Amino acid sequence: MDATVPVLIIEDDDDIRRLLELALPRTTMTISSVGTGSEGVEACRAEDPALVTVDIGLPDIDGIEVVQQLREFYHGTIVVISARSAERDRATAMAAGADAFLTKPFRPRELRSAITELLESSGHRSDVPGADLLDGQ
């Protein structure tokens, strides 16, 4: 069986969480998702994913705080995906430790492309047999 890249989605909106799950290729990624920041921090500790997506507007802990908590122990890639599009929000997320900031709404193809690029730059894509499928899903 081929290895897959583990991805954790931290998103409170069920519809957006499901869209993210569907947008990412399951042939090359193992995707898990949670609906709160505290669940996300716990899941990240337990699963040690290659990539974590974080929404800013979570019900229990602000997503920026989640990024800061993750950076205390997590060295993988963090992508903030938010409806907030002000430069201030982007700068705050990046200063907290995010590797990228994507805005909602997003097109699934653009999301896959951005995630693929981030995984390539972190060296994970080359570790995944069939990773060339990431762009074509």
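The residue that is farthest from ILE56 (Cα to Cα), among those in the range 87-109 that are in a strand (DSSP E or B) and open to solvent by less than 20 Å² (accessible area, probe 1.4 Å), is ALA100.
Residue selection: PRO129 fails the criterion of being open to solvent by 30 Å² or more (accessible area, probe 1.4 Å), at pLDDT below 95 and farther than 20 Å from ALA3 by Cα.
Suppose the filter is in contact (Cβ under 8 Å) with a residue 12 or more places away in the chain, out of contact with any Lys or Arg (no Cβ under 8 Å at 6 or more places or on another chain) and either assigned to a loop (DSSP other than H, G, I, E, B) or of a type in the set (Lys, Arg) (or both); does THR27 pass it? Criteria met by THR27. The residues on offer are ALA3, ALA23, and the sole one that is within 22 Å of SER113 (Cβ to Cβ), surrounded by fewer than 21 Cβ atoms within 10 Å (Cβ to Cβ), touching a Leu at 6+ places or on another chain (Cβ under 7 Å) and modelled with pLDDT under 95 is ALA23.
A quick yes/no check of all residues on (1) part of a loop (DSSP other than H, G, I, E, B); (2) open to solvent by 20 Å² or more (accessible area, probe 1.4 Å); (3) small (Gly, Ala, Ser); (4) modelled with pLDDT of 95 or more:
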| site | (1), (2), (3), (4) |
| --- | --- |
| THR53 | no, no, no, yes |
| PRO59 | yes, yes, no, yes |
| VAL66 | no, no, no, yes |
| SER85 | yes, yes, yes, no |
| LEU111 | no, no, no, no |
| GLU117 | no, yes, no, no |
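Within the range 39-51, the only residue that satisfies the criterion of being small (Gly, Ala, Ser) and either surrounded by fewer than 18 Cβ atoms within 10 Å (Cβ to Cβ) or touching a Lys or Arg at 6+ places or on another chain (Cβ under 8 Å) (or both) is ALA46.
The C-beta contact set for the range 92-105 (first residue touching a residue at least 12 places away in the same chain (Cβ under 8 Å), second residue buried (at least 19 other Cβ atoms within 10 Å of the Cβ) and charged (D, E, K, R), distance under 9 angstrom, 6+ apart or interchain) comprises LYS104/ASP55. For the range 68-83, the set of residues classified as in contact (Cβ under 8 Å) with a residue 12 or more places away in the chain, open to solvent by 60 Å² or more (accessible area, probe 1.4 Å) and closer than 23 Å to ARG45 by Cα consists of GLN68, ARG71, listed by residue number.
When ARG45 is tested against (1) more than 21 Å from SER122 (Cβ to Cβ); (2) modelled with pLDDT of 95 or more; (3) charged (D, E, K, R), only condition (1) is not met.
The values are calculated or read from the model by the stated rules, or taken from the named source; none is laboratory data. Since the model is a prediction, treat every value here as computed from it, not as a measurement. When we count neighbours, we look across all protein chains shown, and the Cβ atoms used for this are built from the backbone with ideal geometry, even at glycine. Please note that ligands, DNA and RNA were not included when accessible areas were found on the heavy atoms of the full protein model with its side chains. Shrake-Rupley method; radii C 1.70, N 1.55, O 1.52, S 1.80 Å.
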